[in-house]
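Report on one structure; see the data block that follows.
The values are calculated or read from the model by the stated rules, or taken from the named source; none is laboratory data. Because the structure is predicted, anything quoted here is derived from the model rather than measured. Note: ideal-geometry Cβ built from the backbone for every residue, glycine included; neighbour counts use all protein chains shown.
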């Protein structure tokens with residue numbers, strides 16, 4: 001019998017072109033099952049289309065990502081979110097994406113997605129999968145995670161898989177194989193290709209392989225404009241530039257404005273770009 005192969009994909013972020021490229025590569029690799037490790041939606045122009053593409057398949061399981069959850073919470077005006085977000089123009093892209101999913105009847109699909117998935121196979125270490133970590137979908141998991149924290153998170157599992165940080169990672173920490181899938185739709189490691197993780201069960205153990213699939217980004221970059229997403233304001237511009245540069249921009253900019261007490265607007269975004277020596281769009 002051939003080894004069992006699993007594809008772990010995540011952080012699609014409303015980029016249907018990147019997702020199609022990855023699904024084509026997954027099919028070419030003879031994968032048995034696709035595990036979608038959160039953040040199918042938001043940020044890009046194709047949230048509804050990306051989710052629909054995955055729901056069409058019968059070989060997919062999901063975990064909940066923070067952006068999948070955010071859009072439902074946003075649409076419900078949940079009191080778990082800061083009240084001033086709902087009147088802040090900076091959140092226009094989130095409002096737009098939630099409305100797109102709602103119109104497609106897909107907004108509440110992630111409601112039943114679990115926070116974690118666990119894989120077991122005879123004579124192999126257990127695998128524990130979560131968008132961030134099993135403790136929280138916004139906690140980062142990488143080669144930098146403290147070994148004591150890895151041991152705490154993994155429990156009895158021998159392999160711990162996360163996503164969320166938008167870059168692939170691999171390390172052994174506290175005897176646990178730590179893996180990060182990287183991002184399909186918005187990589188942050190300088191490589192614009194759509195990235196995901198193959199995990200193969202073999203007699204020698206779980207064997208990871210990081211895949212990076214080329215695709216033409218012109219279409220998704222154009223749809224930021226033609227869909228109306230870019231008209232929603234600054235956050236959409238930043239999301240577009242993350243796809244264009246394959247760099248993390250939103251989180252560093254947010255942290256910079258918080259640290260200096262700056263508003264999040266066109267002027268401070270321009271200042272941040274100058275300070276970081278970022279190419280202007």
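What the table below lists for this structure:
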quantity	calculated
Condition check for residue 87: surrounded by fewer than 17 Cβ atoms within 10 Å (Cβ to Cβ), within 29 Å of residue 241 (Cα to Cα) and over 17 Å from the mean Cα position of the chain (by Cα)	yes
Yes/no for residue 153 being more than 24 Å from residue 29 (Cα to Cα) and either free of Cβ contacts under 8 Å to residues at least 60 places away in the same chain or touching a helix residue (DSSP H, G or I) at 6+ places or on another chain (Cβ under 7 Å) (or both)	yes
Condition check for residue 11: in contact (Cβ under 8 Å) with a residue 24 or more places away in the chain, crowded, with 17+ Cβ neighbours inside 10 Å and either more than 24 Å from residue 206 (Cα to Cα) or not assigned by TED's automatic domain parsing to the domain that holds residue 112 (or both)	no
Close pairs (8 angstrom Cβ cut-off, 6 or more residues apart or separate chains): at positive phi in the stretch 22-42, assigned to a loop (DSSP other than H, G, I, E, B) and loosely packed, with under 15 Cβ neighbours inside 10 Å anywhere	30/2
Only one of 17, 58 that is in contact with a helix residue (DSSP H, G or I) (Cβ under 6 Å, 6 or more places away or on another chain) and either buried (at least 22 other Cβ atoms within 10 Å of the Cβ) or at negative phi (or both)	17
Residue match in the stretch 173-193 (condition: in contact (Cβ under 8 Å) with a residue 40 or more places away in the chain, surrounded by 15 or more Cβ atoms within 10 Å (Cβ to Cβ), not in a helix (DSSP H, G or I) and not assigned by TED's automatic domain parsing to the domain that holds residue 9)	no
